[in-house]
Amino acid sequence: MTTGYTIWLTGLSGAGKSTLAEALTAVLQERGQRVEVLDGDVVRTHLSKGLGFSKDDRDTNIRRIGWVCDLVARHGGVAIAAAISPYQSVRDEVRSSTERFFEVFVDCPLETCIERDVKGLYAKALSGEIPHFTGVSDPYEAPLAPEVTVNTASEPLGVSLERILAALEERGYLTANRPLI
């Protein structure tokens, strides 16, 4: 059986977590991996429906995502979490309860995230319409020691993807994709 693992994509809203999750999924599936994506927005409509955006509710949401990721990984799959997960302490908690945890900091300046915001959430948060919005009125604690950091404002998607895949290979989560000669 293939040993599973969790890829945890964390960063501000609009940083590119979902885009990276989609690209990673395609590449990993091409390499024969079974992949399940837990996107923060989708999880909130199903697994965490009814939770608000207080620190306790956010932590509960992240713990639930972490539990499902660990379940997928224990059964040989690759779980990709694409969730803001703003607090270091709960990310550390998920890391400690997940056997093979690979954290990716999807770094992107707030200004770029605001420019990318097609839903207008940052504008609403900046005007006070949305309270407790991460990066505006609530904190985002950048990871202290992620396995890899990508900057989606300064590097193309393909470069970020290659850097993540190379780090997965270096750490033994993924077999190097060598062309057959």
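We did not get these values from a lab; they are worked out from the coordinates using the rules stated. The structure displayed is predicted, hence computed values, not measured ones. A quick note on method: Cβ atoms are made from the backbone with ideal geometry, for glycine too, and the neighbour counts reach across all protein chains shown.
Counting helices only, and only those DSSP H runs with n ≥ 4, report the 222 nm mean residue ellipticity of the chain as the sum of -39,500 (n - 2.57) divided by its residues, in deg cm²/dmol to the nearest 500.
-12500 deg cm²/dmol
Exposed loop sites here are trypsin sites (Lys or Arg not before Pro) in DSSP loop states with at most 11 other C-beta atoms within 10 Å. What is the longest stretch of the chain lacking them?
Counting at most 11 other Cβ atoms within 10 Å as exposed, the longest clean stretch of the chain is 50-118.
Could you state the number of Å between the C-alpha centres of region 1-47 and region 65-103?
11 Å
Compute the distance in nm between two label points, each set 7 Å from the Cα along the Cα-to-Cβ direction, one at H46 and one at K124.
2.3 nm
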